[in-house]
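Accompanying notes for the structure given below.
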């Protein structure tokens, strides 16, 4: 397996998943005079779309960061990568579900659960790279993990909280999803690419 | 962040958005003898499709022009680029809306508004590159901005006019959208690629 | 404009258009015992799908052949290329139309008309490259055109015949579409890649 | 034909096919209180989705393995490759069919039949490369075929068994499909990429 080709395939899946999201916003089928209010009612769908767009963008960035330290891949790594792509390319479904049933606990739970699965897969990939240093350009040190693992813990903890709040305060769930997204995005934005700091800053 | 990978990801999003547009033209569901007149009624949809196809093509060219002077990217640039991709990959929705409700003011406004958002994001990217010369191969001079900014002003001004006219003369809105597109396309066509002139010709 | 990036963008559009075609075959919505006969009734749809798949594949090959002699691109070439991509990425609509209304003259005409438009655009691209030798690695000679132009004439002539026959003998139209496809495909298959013969063999 | 461009085109088709699969899971259209049970009823759809995702991933890996030994391509190879892509990009249809009519013999048969067609095309490609050693970096020896051909025989034999069982024990068909997938995936995972063993290990 050529590392570049796996990267190109993964990029393709991310690019398609992010672009397919727009299909979750359906054109309303109403008489023309009712179009305005029908579109206003779709605003939660638009919010879900924008959220999901940046979620996929962020995971693409995370995938890119991970790829950056990979030198060669083995069979297990390929399948872990595929599992990651699976949970990313699933996202148009929870996004469409949340767009169709806004502010409902079940879609919030399905959506949050998918985010958690992507995160856990990302963590497994990191641990796999740590325990297989022949696959990476530089070994991932304990310090690297010491900064990465808390990030997984608090994001997944907040996603669980968002799922729990879906029952009582569904708006709060949206705020948590968006808040985590913005926090992680800001963190990424602070890192100057190409990588001038080491993995432990990540 | 590798500049090439961001470019490849962006190209993927543009290519998918432009190809998904065809899904905005629905196959009519009528008895066979009524097919001819059903297709004739779809002609405004076809016009919207062709317009949108060239809009995405033009934005792809603009993105390419911008990328050409970029040497490396930082976190803020990546997110500005993502915002640009967001407004481009949204286009299938306004296009489908305009195809479903032709000659109506609301879809014209939504469509024009998205075009304005893409333009403003493009302007922000240009300004960001100007104020961060370490990201570009050559600094973007004041002269460069002096030709770029008027282009943003008159295209966005015309889009606003198109939105305003949507209420009284919806056909005029279509003509303005198409006219701006053709004017910018002709301007691009005059520039010989690979870049033999400087950014200020753009 | 970087030639490679235009090529990558075009490849993306071809790959998406060819894969979207499967969406033209709808899953029947019938009680389970009626599924078998519902699927049998879909066989013309399947035939249309397979035909369209190979049509796009063939145009991709033709695009590749053309790109092979291109050294650099200018603005006009970019727009001619976009026009080509437009008519290719439109194909899922005529394909879906023909799949929904099999053996009807109007869908046959729309389908054939799109094929003719792709062909004519391809011819324009060839003529443009001939009259702009700075864009090509080797000048396209008169001999080159002498073999290319008859190919355009007879394929388009046969497409027109297929459209004409759609009224009386719709099955014959399908046979002509498939026959032209097979004839051109066989011709391509005989040429050993990478190009060991000159353009005039094409 | 440039080998790299055929590879990039094929990668694009695989990436799109795998991502489009999510469209086979439809958002239920029920009153909100009934959403939970509606989603539970969709679990077989989810299972079909996950199965199909890994089927495409596996075929992409198989395609990659094959490409690895290819040095240059000829016209026949290009068309065999297209036939392979055809049967892969068809998969969203049988997947949607099986998702819509779970545990029914006809969708199981259509699904299994498509898997068999992909396999047979793969076998043809291998045989074509064996008999055309100018296309490969290293000749494919008899030993190589001696390990590849049994793999085709037992996978296709099991797919046929799954189709046969679809009538009496549809659950067993699912188990066979998943079992073959896991067995082949494990086999691939054991091979360290980049290829440190020869084709006969495949």
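Being more than 19 Å from the chain's Cα centre (by Cα) and either in a helix (DSSP H, G or I) or within 19 Å of residue C:46 (Cα to Cα) (or both) is true of residue D:145.
Mind listing whichever residues of segment A:126-142 are surrounded by 17 or more Cβ atoms within 10 Å (Cβ to Cβ) and assigned to a helix (DSSP H, G or I)? Within segment A:126-142, A:126, A:129, A:130, A:135 qualify.
Report yes if residue A:87 is crowded, with 19+ Cβ neighbours inside 10 Å and either closer than 30 Å to residue D:37 by Cβ or within 12 Å of another protein chain (Cβ to nearest Cβ) (or both), otherwise no. Taking the combined requirement at face value, the residue satisfies it.
Take residue D:79 and tell me if it is within 14 Å of chain C (Cβ to nearest Cβ), closer than 24 Å to residue A:12 by Cβ and buried (at least 22 other Cβ atoms within 10 Å of the Cβ).
Criteria not met by residue D:79.
Residue B:103 fulfils the conditions (1) closer than 25 Å to residue B:183 by Cβ; (2) assigned to a helix (DSSP H, G or I) except for a single criterion, (2). In the condition set (1) in contact (Cβ under 8 Å) with a residue 24 or more places away in the chain; (2) more than 18 Å from residue D:90 (Cβ to Cβ); (3) within 14 Å of chain C (Cβ to nearest Cβ); (4) surrounded by 17 or more Cβ atoms within 10 Å (Cβ to Cβ), residue D:61 is compliant with all but (3).
Whether a residue is in contact (Cβ under 8 Å) with a residue 12 or more places away in the chain, more than 13 Å from chain D (Cβ to nearest Cβ) and either touching a helix residue (DSSP H, G or I) at 6+ places or on another chain (Cβ under 7 Å) or surrounded by 17 or more Cβ atoms within 10 Å (Cβ to Cβ) (or both) was assessed, and residue A:71 does not pass this test.
Of the residues that make up segment A:98-108, is at least one within 14 Å of the chain's Cα centre (by Cα) and either facing another protein chain (nearest Cβ under 7 Å) or buried (at least 20 other Cβ atoms within 10 Å of the Cβ) (or both)? Checking segment A:98-108: not a single residue is within 14 Å of the chain's Cα centre (by Cα) and either facing another protein chain (nearest Cβ under 7 Å) or buried (at least 20 other Cβ atoms within 10 Å of the Cβ) (or both).
Scanning for something surrounded by fewer than 18 Cβ atoms within 10 Å (Cβ to Cβ), within 14 Å of chain C (Cβ to nearest Cβ), more than 22 Å from the chain's Cα centre (by Cα) and closer than 30 Å to residue C:69 by Cα, does segment D:16-30 turn up at least one residue? No; the residues of segment D:16-30 include none that is surrounded by fewer than 18 Cβ atoms within 10 Å (Cβ to Cβ), within 14 Å of chain C (Cβ to nearest Cβ), more than 22 Å from the chain's Cα centre (by Cα) and closer than 30 Å to residue C:69 by Cα. Taking the criterion of being closer than 17 Å to residue A:55 by Cα and either more than 19 Å from the chain's Cα centre (by Cα) or crowded, with 18+ Cβ neighbours inside 10 Å (or both), the residues of segment A:159-177 that qualify are A:159, A:162, A:163, A:173, A:174, A:176, A:177.
The set of residues in segment A:110-125 being more than 16 Å from residue A:149 (Cβ to Cβ) and either surrounded by fewer than 19 Cβ atoms within 10 Å (Cβ to Cβ) or at the interface with another protein chain (Cβ under 10 Å from one of its Cβ atoms) (or both) consists of A:110, A:113, A:117. Just to be sure, is residue B:123 in contact with a strand residue (DSSP E or B) (Cβ under 9 Å, 6 or more places away or on another chain) and either over 22 Å from residue B:46 (Cα atoms) or not in a helix (DSSP H, G or I) (or both)? Spelling it out, it is not the case that residue B:123 is in contact with a strand residue (DSSP E or B) (Cβ under 9 Å, 6 or more places away or on another chain) and either over 22 Å from residue B:46 (Cα atoms) or not in a helix (DSSP H, G or I) (or both).
For segment C:1-15, give me each residue that is more than 9 Å from chain D (Cβ to nearest Cβ) and either free of Cβ contacts under 8 Å to residues at least 60 places away in the same chain or more than 24 Å from residue C:96 (Cα to Cα) (or both). Hits for segment C:1-15 are C:1, C:2, C:3, C:4, C:5, C:6, C:9. Inside segment B:31-49, residues that are within 25 Å of the chain's Cα centre (by Cα) and either more than 9 Å from chain C (Cβ to nearest Cβ) or farther than 26 Å from residue B:122 by Cα (or both) make up a count of 7. Among the residues of segment D:182-201, is any at pLDDT below 90, farther than 30 Å from residue D:50 by Cα and either assigned to a helix (DSSP H, G or I) or more than 14 Å from chain A (Cβ to nearest Cβ) (or both)? Yes, segment D:182-201 contains at least one residue that is at pLDDT below 90, farther than 30 Å from residue D:50 by Cα and either assigned to a helix (DSSP H, G or I) or more than 14 Å from chain A (Cβ to nearest Cβ) (or both). Put simply, of C:141, C:166, C:157 the only residue that is more than 25 Å from residue C:74 (Cα to Cα) and in contact with a helix residue (DSSP H, G or I) (Cβ under 8 Å, 6 or more places away or on another chain) is C:166.
The values are calculated or read from the model by the stated rules, or taken from the named source; none is laboratory data. Remember, it's a predicted structure, so these values are computed and weren't measured experimentally. Cβ: placed from backbone, ideal geometry, glycine included. Neighbour counts: every protein chain shown.
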